[in-house]
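Quick notes on the structure that follows.
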Amino acid sequence: MPQAAEIKRRIEEAIPGAHAQVEDYTGTGDHFRARVTAPAFAGLNRIAQHRMIYEIFGAEIGGPIHALSLQTEAPEPERQQGAL
Amino acid sequence: MTEHDTSNPIRDAIAEAIEGNEVILFMKGTPEAPACGFSARTVGALQALGQPFAAVDILPDPRIRQELSALSNWPTIPQLFVRGELVGGCDIVTEMHATGELADLLGVDDDGAGEEQPAAETVEAPPLSIENRLS
């Protein structure tokens, strides 16, 4: 059963410079909420940002990880340099 | 997505439904009886804007979800499509509703009054059950 700390570690290892806060909001090890900032998100829309995270977990999403609620953004300096 | 595989009628039906409905939500359950909190919140955002939308319940046949996710490259349900493009699931739709981006995308007023939208056509595409909804 995945733990919030493991999900945080995997996100931060997979996306360079990422910072993730992960919460197991049901306490049952299968519903998680993650807030992730990463320089790599700059210039990407939300769909693309979320896909980067979903791809880390592959078939685990919808499997052992029933839900992974995401909030993503680029850190402030990257946002200012981005397309917006 | 560019190849038309006639041996996959479910995927074809999903693609046609996405093409044929300006606003379409693939969800668990129905707008009246959502079977999942994430689907319920997404329906709520659309209804708060007075946005008519087509809805497909993915629960009756597990192949609907498989084919939808393969087509959209998105693993979770619900999935909202506007004018053929994946907008996102519950998190993105909820966030876009809060920022006003959803109203902009849909071309409706954010106060819930909503401009009169032409009702989307119902697509007859078994085995999908597609319903068109007004709030």
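The values are calculated or read from the model by the stated rules, or taken from the named source; none is laboratory data. Because the structure is predicted, anything quoted here is derived from the model rather than measured. Note: ideal-geometry Cβ built from the backbone for every residue, glycine included; neighbour counts use all protein chains shown. Heavy atoms of the whole protein, side chains included, go into the accessibility calculation; ligands, DNA and RNA do not. Shrake-Rupley method; radii C 1.70, N 1.55, O 1.52, S 1.80 Å.
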Over region B:1-93, what is the relative contact order in whole percent, taking alpha-carbon pairs under 8 Å and six or more residues apart? 36 percent
Provide the packing ranking of B:95-102, B:14-21, i.e. peptides ordered by the mean count of other C-beta atoms within 10 Å per residue, highest first. B:14-21, B:95-102
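I want to verify the translational diffusion coefficient of chain A in µm²/s; compute it with Stokes-Einstein, Rh as the Kirkwood radius over Cα pairs, at 4 °C and 1.567 mPa s.
Values: Rh = 12.9 Å.
The Stokes-Einstein estimate is 100 µm²/s.
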Taking amide H positions as placed in the peptide plane 1.01 Å from N, state which residues far from B:Ser129 in sequence (5 or more) or on other chains have amide H under 5 Å from it. B:Asp57
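First measure r as the distance between the Cβ atoms of B:Arg63 and A:Glu6, then evaluate 1/(1 + (r/R0)^6) with R0 = 22 Å and state the FRET efficiency to the nearest 0.05.
Working: r = 31 Å, r/R0 = 1.42.
Once the sixth-power term is evaluated, E becomes 0.10.
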Hey, what did chain A get for relative contact order, percent, Cα under 8 Å, at least 6 apart? 31 percent
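Among DSSP bridges having both ends in chain A, what percentage is antiparallel? Round to the nearest 5. Could you put the intermediate results ahead of the total?
Details: 6 of 14 bridges.
Approximately 45 percent, going by the DSSP bridge assignments.
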Could you tell me how many cubic angstrom of Cα convex hull volume region B:1-82 has per residue? 87 Å³
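Return the value, in Å² to the nearest 100, of accessible area buried between chains A and B (probe 1.4 Å, both sides summed).
Approximately 1200 Å² gets buried when A meets B.
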Computed over the Cα atoms, what is the radius of gyration of region B:38-82 divided by 2.2 N^0.38 Å, N being its residue count? 1.21
Per the 1/(1 + (r/R0)^6) rule, R0 = 22 Å and r from the Cβ atoms of A:Glu76 and B:Arg83, FRET efficiency to 0.05 is 0.10
Distance from region A:33-59 to region B:39-56 (C-alpha centre basis), Å: 24 Å
Could you calculate the FRET efficiency of A:Glu23 with A:Ile47 from 1/(1 + (r/R0)^6), where r is the beta carbon distance between them and R0 is 30 Å, rounded to 0.05? 0.85
Under a plain spin-label model, where a point goes 7 Å from the Cα along Cα-to-Cβ, how far apart in nm are B:Asp12 and B:Thr99? 3.9 nm
If you count the DSSP beta bridges with both ends in region B:1-113, what percent of them are antiparallel, to the nearest 5? 65 percent
